[in-house]
Amino acid sequence: MPRLPGFLDHHRGLGVRHFLFIDNGSDDGTAEFLAVQPDVSLWRTGAGYRAARFGLDWIGWLLMRHAHGHWALVLDADETLIYPYWQTRDLRALTEWLDGQGRAMFPAMMLDLYPEGRLSEGRPLEWFDSGNYAIRMQPIMRNLWIQGGVRSRALLDDPRRGPTLTKVPLVKWDRRFAYVNSTHSILPRRLNRFYDGGPSGILLHDKFADGAPSRAAQEKARREHFFDPALFDAYYDALIADPVLHGPHSRRLGGWRQLEALGLMSRGGWV
Amino acid sequence: MTVGFIMLCHTAFDRAAQVARYWAEAGSPVVIHVDASVKAQPFQRLESQLEDLANVRFSDRFACEWGSWGLVAATQGAATLMLRDFAQVDHIFLASGSCLPLRPVADLEAYLDARPGTDFIESVTTEDVGWTVGGLDRERFTLRFPFSWRSQRALFDGYVRLQRRVGFSRRIPAGIEPHLGSQWWCLTRDTLAAILNSPDRQAHDAYFRRVWIPDESYFQSLVRRYSGKIESRSLTLSKFDFQGKPHIFYDDHLGLLRRSDCFVARKIWPHAGQLYKTFLAPDGKRVMAEPNPGRIDKLFSKAVDRRVNGRPGLYMQSRFPDREFENGRTAAPYSTFQGFAEVFPEFQTWLGRMTGALVHGHLFAPDRVHFAGGDAVFHGGLSDSARLRDYNPRSFLTSLLWNARGERQCFQTGPADNQALNEFMAGDVNAQISVVSGAFALPLFRSGLPFAEVRKEVARLQKIEAAHLALLRASWVKARVRIWPLAEFLENPMDPLQTIVEEIAPRLRPRLTEVPRMADFSGFGRFLQDLRNQGMQPTLMGDYPASDDFNPGRDRPFLVS
């Protein structure tokens, strides 16, 4: 809830015309806040997130019903989309250009942001790991699988459990399309082929916002994680221990040009 | 001197109206052609927006599909109208609805005045163009193209292939020498009238009607016949991406467009309010400068290059090249050393001192990543965890080299390390791989382990190293590979070291005066003989003398060669 006003403002600024929200049983005033927004449609459910394939069934239905023929941006509330020139070129500029290029999708890798000092100190989330990402091609879907980053470096024992950071959040939707696994991969397969040198953005991920250790304790108890929740006990324990993720190698978030120079996103010919 | 503008419009009519008004109010007649496929309502809206302007006309409408004759027909119609209705016009400037004037009309008129009778039109012979879409240049003029390139690509390509096979060729009418160029030109009244009123006009039109993309060749070819003075360049700034599609200018290009000093730019994003506001301001400043698109060329040619080739050694979400299609497997040259640290215990620090490079230990050691200085985390957040590294060794190495761009990286390798990247590095032009083969046995000899265990381990590592060496000798290897058997290396270590050091730091011109301290080899020859006696064949060490007395480290003087 505390991050929603910022979330709305940022993406309104990018030119999002209408927001479709799914509220999965919040009790912190989220629904009330969203209900009074002029550009928000709100769906509420108390059903299980895990049972709905981590919300994908809900999102899939909304996309099918309402997004056909539109460019649709699918985000979690802790994600912020940025892309090359985002301050001067809104999503309309980007999507018109993508249309002209014959591209129906736009990838944006998740970038975990973390604070200096212990998580519980609540300092600003403005640091990130710039160059510890493991990339491989998944043969069946021909999609890229990017893992790693700060979570693999500092919180996970087993690199195979590293978070999937690849995302295709912006798609010119067709009712025959379907996300397969969160917004990490999509069908038909050709929509995963965005690694030919084209443009890409970044989803700034507020995973480690103030209160992350206590949220980790709740999530551990709720056992709604992807895959087998028991495999992530060590991860939750590491978070609950309120670690320091920042180190001398950490980069402070600058602008998109910094992220492009570091090779995390690309203009892909859109200059 | 008066310039008249022809505007070919098919979308963003409010912006087109703004630009038309700007030119018309500056005293330049404007003839607007609106694509026939545009519906009545937006067309009427455009008409009504401009109805107060006496020097604006609308010409007969043709359907203007990309690359079709309609674009030429539309231009001809508008030009005829311009010549008929506006006798004062001396130059006709062809623009589109998404063009934006960057300089006042008076500037353009002064520029044209200073170059009387000159036609500004890019006109290049088919042999000399390098930019044609679809790879067709001369054949545009000699084949037939009944199918659409955009919507019937397979038929288009198939029909081109068929015509090539049967040797079909259209006859080019006499007097026409095919030329190509940007469709945005500025012609003199005389030249344009000569083209439009030519006695051969019918024959020209009949011929070009079936040429592919005639809007890039009709006027470009005919000016060669009718113009007295051609300046082969366009006064319209227009940049193309790697697919041949025009770059779009946004608000953030404001400074760039100003610096270009060009008269007109296309294509402008219709919502680039800042650009329209700035350049259509009534008090536009006059700059008596030569248009200089070269000033901004670099940005766009760099963008095309990066779009096509990417950045060397970078693997990321929107660029993950197939093997052999990389623009360099890794980001920068690097050197690997096998066996050197065994021969010279202080090799790492010594090499760093001699070359200024960052010298790591065994990056692929089984226990952990031995970063230089024993760091637990390297640039970019690379962890020293062996599990993380071994989960995706290729990403580990390419990330390390990408993250450390600008600083030469060296590291140790060995047969006890993870061997997963041997092939990757062998095929990498950036890799400089140096091996003293068989040196891995020295620490085992000194380990104090029971002989039977040592024998087994030497045999195992020798097998691994032998396989690696075989790989390094393959014909496809692109790395700079140097291999010395241990015995040969010990005979004269100075030359190999000098070569290596020079290769890493050519600008430092390091001159070796002495080799670093050597390990104690006494007894190693006997040890190798013992291995032989036990039925094992140590082959990678070369002709190492079995005599216990051989001790190259102690009393052989090494001098500068």
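Any chance region B:401-408 includes a residue that's aliphatic (A, V, I, L, M), assigned by TED's automatic domain parsing to the domain that holds B:THR349 and assigned to a helix (DSSP H, G or I)? Taking every residue of region B:401-408 in turn, at least one turns out to be aliphatic (A, V, I, L, M), assigned by TED's automatic domain parsing to the domain that holds B:THR349 and assigned to a helix (DSSP H, G or I). For the residues B:ASN392, B:ASN403, the requirement of being polar (S, T, N, Q), touching a Lys or Arg at 6+ places or on another chain (Cβ under 7 Å) and closer than 19 Å to A:GLY263 by Cα singles out B:ASN392. Note on region B:490-526: residues that are within 20 Å of B:ALA441 (Cβ to Cβ) and within 43 Å of the chain's Cα centre (by Cα) total 2.
Among the residues of region B:183-211, those that are surrounded by fewer than 21 Cβ atoms within 10 Å (Cβ to Cβ) and in a loop (DSSP other than H, G, I, E, B) comprise B:ASN197, B:SER198, B:PRO199, B:ASP200, B:ARG209, B:ARG210. Taken over region B:219-244, the criterion of being in a strand (DSSP E or B) and not hydrophobic (A, V, I, L, M, F, W, C) is satisfied by B:GLU231, B:THR236. The number of residues in region B:455-471 being of a type in the set (Val, Ile, Thr), surrounded by fewer than 18 Cβ atoms within 10 Å (Cβ to Cβ) and more than 16 Å from B:LEU421 (Cβ to Cβ) comes to 0.
When B:ASP297, B:ASP283 are checked against the criterion of being surrounded by fewer than 18 Cβ atoms within 10 Å (Cβ to Cβ), under 16 Å from the mean Cα position of the chain (by Cα) and more than 11 Å from chain A (Cβ to nearest Cβ), a single residue qualifies: B:ASP297. Taking only region A:226-254 into account, find how many residues are free of Cβ contacts under 8 Å to residues at least 60 places away in the same chain and not hydrophobic (A, V, I, L, M, F, W, C). Residues meeting the conditions: 8. Residues in region B:305-314 that are in a loop (DSSP other than H, G, I, E, B) and either more than 7 Å from every other protein chain (Cβ to nearest Cβ) or under 24 Å from A:LEU191 (Cβ atoms) (or both): B:GLY310, B:PRO312, B:GLY313, B:LEU314. Scanning region B:523-534 for residues that are assigned to a loop (DSSP other than H, G, I, E, B) and closer than 12 Å to B:ALA546 by Cα yields a single hit, B:GLY523. Under the condition of being more than 10 Å from chain B (Cβ to nearest Cβ), assigned to a loop (DSSP other than H, G, I, E, B) and either closer than 30 Å to B:ARG323 by Cβ or more than 15 Å from the chain's Cα centre (by Cα) (or both), the residues counted in region A:106-131 number 8. Among residues that are buried (at least 19 other Cβ atoms within 10 Å of the Cβ) and assigned to a loop (DSSP other than H, G, I, E, B), B:ASP520 is not included.
Only a single item in (1) within 14 Å of chain A (Cβ to nearest Cβ); (2) within 17 Å of the chain's Cα centre (by Cα); (3) surrounded by fewer than 20 Cβ atoms within 10 Å (Cβ to Cβ); (4) not aliphatic (A, V, I, L, M) is not met by B:THR330, and it is number (3).
Quick one: which of B:ARG353, B:ARG387 is among the basic types (Lys, Arg), under 17 Å from B:ALA505 (Cβ atoms) and over 34 Å from the mean Cα position of the chain (by Cα)? Full working, then the answer.
Values: B:ARG387 fails: under 17 Å from B:ALA505 (Cβ atoms).
Result: B:ARG353 is the single residue among B:ARG353, B:ARG387 that is among the basic types (Lys, Arg), under 17 Å from B:ALA505 (Cβ atoms) and over 34 Å from the mean Cα position of the chain (by Cα).
Checking each residue in region A:254-271 for being facing chain B (nearest Cβ under 10 Å) and assigned to a loop (DSSP other than H, G, I, E, B) picks out A:LEU262, A:GLY263, A:LEU264, A:MET265, A:ARG267, A:GLY268, A:GLY269, A:TRP270, A:VAL271. Applying a threshold of 7 Å to beta carbon distances and a minimum spacing of six or more residues, or different chains, the list of pairs starting in region A:150-161 at a residue that is over 12 Å from A:TYR236 (Cα atoms) and ending at one that is polar (S, T, N, Q) and at pLDDT 95 or above reads A:ARG153/A:ASN132; A:ARG153/B:SER383; A:PRO159/A:SER152. Among the residues of region A:214-271, write down those that are of a type in the set (Lys, Arg) and surrounded by 14 or more Cβ atoms within 10 Å (Cβ to Cβ). Passing the criteria: A:ARG215, A:LYS220, A:ARG251, A:ARG267.
Counted as qualifying within region A:1-87 are the helices (runs of 4 or more DSSP H) with 3 or more residues that are aliphatic (A, V, I, L, M), namely A:30-35, A:56-66. Looking across B:LEU497, B:LEU486, one residue alone is among the aliphatic types (A, V, I, L, M), buried (at least 17 other Cβ atoms within 10 Å of the Cβ) and touching a Phe, Trp or Tyr at 6+ places or on another chain (Cβ under 7 Å). It is B:LEU486.
Restricting B:ALA474, B:ALA420, B:ALA439, B:ALA452 to those that are crowded, with 20+ Cβ neighbours inside 10 Å, assigned by TED's automatic domain parsing to the domain that holds B:ASP543 and among the aliphatic types (A, V, I, L, M) reduces the list to B:ALA439.
Residue count for region B:231-246, restricted to those that are under 25 Å from B:TRP69 (Cβ atoms) and surrounded by 19 or more Cβ atoms within 10 Å (Cβ to Cβ): 4. Looking across region B:315-327, the residues that are buried (at least 16 other Cβ atoms within 10 Å of the Cβ) and within 11 Å of chain A (Cβ to nearest Cβ) come down to B:TYR315, B:MET316, B:GLN317, B:SER318, B:ARG319, B:PHE320, B:PRO321, B:ASN327.
Taking region B:18-136 and the helices (runs of 4 or more DSSP H) fully enclosed by it, the elements with 2 or more residues that are of a type outside the set (A, V, I, L, M, F, W, C), surrounded by fewer than 19 Cβ atoms within 10 Å (Cβ to Cβ) and in contact with a helix residue (DSSP H, G or I) (Cβ under 8 Å, 6 or more places away or on another chain) are at B:40-49.
The values are calculated or read from the model by the stated rules, or taken from the named source; none is laboratory data. Please read all numbers here as calculations on a predicted model, not as lab measurements. Methodologically, a virtual Cβ is constructed for each residue, glycine included, from the backbone with ideal geometry; neighbour enumeration extends over all protein chains shown.
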